[in-house]
Amino acid sequence: MLRSLYSGVSGLRTHQTKMDVIGNNIANVNTVAFKSSSVTFSDVLYQTTSGASAPTEKLGGKDPNQVGLGVMSGSTKVSIENGGSEQSTGDATDIKLTDGNATNFFIVNNGSENVFTRAGSFYFDVNGNLAMTSTGYLVQGWGADQKTQTIKRDTVSPLRIMQAANLTSSPEATTNAIATGIIDKNTPAVSSNDGYIMNLSFYDQKGYAYTAKFAVHSVDPEEGKYNVELKDILDSNSKSILDQYLAQTTDTNGNAVTHSVADIWGRATTTPKNYTLTESSAYNISGSTITITSGAFEGYTASLGTTDLTGSGTDAALTFHKPAGSTGTGADETTVSLQSMFGVSNNIAAGITTGADGNTSITLGSDGQLQATVQTPSIANDLKFSSSDGTFTYIGETGNKTAKLNLDALNSLFDNGAGPFVDIDYDFTGTKNLDNGKTSTLASTNGDTTGTIGKGKKIGKMTGVSIDQSGKIFGSYDNGNTSLLGQIAVAQFSNASGLQALGNNCYGQTLNSGEFDGIGTEVTSDGGSMTTGVLEMSNVDLSKEFTEMITTQRGFQANSRIITVSDSMLEELVNLKRS
């Protein structure tokens, strides 16, 4: 039999293989991130009819006589390192890989093992995992530490981005505020009893919103003197938190307390003041001695002096002692509150300081006059401007640029004082005292002068997800927060062409591709990047494929002619007998 018949058959078979590869390339011309393949041919082992001989002194050497036995497919090479063009989709979870020094692959898990792909068409499944749209394979990456906002680079795992913990962003308490604008002394409200009203919105640590209402009053406008009074603190339902605070008489542990607006805003001023004890049928005042004249403690006396005073504020009291040798039914001593003897209001009595604190100078004359040091609470902070150019000078006291809104005091309304309120530094340096056509523009804003620090925030609901060039995934929230939620990892191989195609746009590692270490790398580590809103197109070149198709067709046609001619020759050989 003619060897050419078998050579022709091998040529047909090999060209058919090449045509299969070309057909597959063209069929996947629109497959996302598809990598085209090409076939290389190699000749088959030759049959040697005579070997080569070395030259002698009289004869030259002879080359070997060999006859080829046909052709075979040497290899099918995937053009895996050549990237495809960009196809814009506008979808934030469609990602195209751009390579640096090495070819990058997304890492996805098919339920049993990690495989690799260049197709970046992803979506979030019902469990919140980032997954391939075509197969549902879970995209692998690294999680984020929410406290430090850093990536925890470790063995890759599914990126469960849309889990419940990530759908909201923690609130923040307001810690800074600024007042800006102009106060014009000719504004009618400034000189009225109600004053010029200015509101400040703020948040507590739980994200609840409140409004602090202030009133600005003129004191001596010619000298640039005004004051800022705290009128009220309202919650989001317009319920007064300040009224609750002022009405509190005992704390959560049962201890008596007396509250003033000055605890939160303003300052206490210490001034001496005279008060007159009210002599009644129950008391007799003689010189510096007070005697109980009726009741169970009749005959008890108190000599006025620091040793006979106990407590402070509304708890301040005179201590009465039983007379020597007395056989009365009462105890050895009793106390009577100064408030009841003075006949004054709670607020006044709350300001009286007694005891051994060095702040009290008390004497009692025969006229019943009591000279006491009283701390009078002020519910306003002085606001001073330059009398020459109207620029801000101080708030509260000379040298102060800020006044503290001591909201921590409101935490006494909660068990053990563990409430959500945080103090606010209130900056007034942005205010001026100028003629503005009888119009004042004074207003308050939460946050510092940069507008970025201490604003406070409500709890945030997720409004969107974005992925940057390094594969980091960020959540955006309606309270202005942005939070790092995770990072997409990539795999790199020493020989990417050695990967095995598994179908579904995925590849598996082989003995000749190199191994995946289970951790992966960041795409930007060697100059690569990720681009969102676009996909990598197939790298099939149709013009090249059609050219290859023509040459393949001609090659197949030529090999078929080998078989035809060889058949004719065999026919002639068979016909020799007839002739």
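The values are calculated or read from the model by the stated rules, or taken from the named source; none is laboratory data. Bear in mind the structure is a predicted one, so any value in this text is a computation, not a measurement. Because the Cβ atoms are built from the backbone with ideal geometry, glycine has one as well, and the counts that use them run over all protein chains shown. Ligands, DNA and RNA are stripped out before the accessible areas are found, and what is left, the full protein with its side chains, is counted by its heavy atoms. Shrake-Rupley method; radii C 1.70, N 1.55, O 1.52, S 1.80 Å.
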Legend entry - Hey, L12 more than 60 Å from the chain's Cα centre (by Cα), open to solvent by less than 50 Å² (accessible area, probe 1.4 Å), at pLDDT below 90 and not small (G, A, S) or not: yes
Legend entry - Failed condition for Y203, given (1) modelled with pLDDT of 95 or more; (2) open to solvent by less than 30 Å² (accessible area, probe 1.4 Å); (3) of a type in the set (S, T, Y): (2)
Legend entry - Condition met for G456 (crowded, with 18+ Cβ neighbours inside 10 Å, within 15 Å of the chain's Cα centre (by Cα), at positive phi and modelled with pLDDT under 95): yes
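How do the strands (runs of 3 or more DSSP E) wholly within segment 99-197 filter down when requiring 1 or more residues that are of a type in the set (S, T, Y): which remain?
Because the criterion is at least 1 residues that are of a type in the set (S, T, Y), the strands (runs of 3 or more DSSP E) in segment 99-197 that meet it are 114-117, 122-124, 150-158, 176-183.
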Inset, instruction - Being of a type in the set (A, V, I, L, M), open to solvent by 40 Å² or more (accessible area, probe 1.4 Å) and in contact with a strand residue (DSSP E or B) (Cβ under 9 Å, 6 or more places away or on another chain) is the filter here, so list the residues in segment 493-516 that pass it. - result: A501, L502
Legend entry - Residue list for segment 542-564, restricted to those being touching a residue at least 24 places away in the same chain (Cβ under 8 Å) and hydrophobic (A, V, I, L, M, F, W, C): L542, M549, F556, A558, I562, I563
Inset, instruction - For segment 467-478, indicate whether the set of residues that are open to solvent by 20 Å² or more (accessible area, probe 1.4 Å) and more than 23 Å from T155 (Cα to Cα) is non-empty. - result: yes
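Do we find that T187 is more than 18 Å from M530 (Cα to Cα), open to solvent by 60 Å² or more (accessible area, probe 1.4 Å), of a type outside the set (A, V, I, L, M) and out of contact with any Gly (no Cβ under 9 Å at 6 or more places or on another chain) in this structure?
Here the answer is no, as T187 does not meet what is asked.
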Inset, instruction - Just need a number here: residues in segment 52-89 that are surrounded by 15 or more Cβ atoms within 10 Å (Cβ to Cβ) and farther than 21 Å from N505 by Cα. - result: 5
Legend entry - Meets criteria (on the phi < 0 side of the Ramachandran plot, aliphatic (A, V, I, L, M) and at pLDDT 90 or above) for I562: no
Inset, instruction - Identify the residue in segment 204-241 that is of a type in the set (S, T, Y) and in contact with a strand residue (DSSP E or B) (Cβ under 6 Å, 6 or more places away or on another chain) and, among all such residues, is nearest to T439 (Cα to Cα). - result: S218
Inset, instruction - Consider only pairs whose beta carbons are under 8 Å apart and that are at least six residues apart or on different chains; among these, list those whose first residue lies in segment 466-477 and is free of Cβ contacts under 8 Å to residues at least 12 places away in the same chain and whose second residue is of a type in the set (D, E, K, R) and not in a strand (DSSP E or B). - result: F474/D468
Inset, instruction - Inspect segment 33-48 for any residue being of a type outside the set (G, A, S), under 25 Å from G528 (Cβ atoms) and out of contact with any Cys (no Cβ under 7 Å at 6 or more places or on another chain) and give the result as yes or no. - result: yes
Inset, instruction - Could you check, for segment 277-294, whether at least one of its residues is within 36 Å of the chain's Cα centre (by Cα), modelled with pLDDT of 80 or more and either surrounded by fewer than 15 Cβ atoms within 10 Å (Cβ to Cβ) or not aliphatic (A, V, I, L, M) (or both)? - result: no
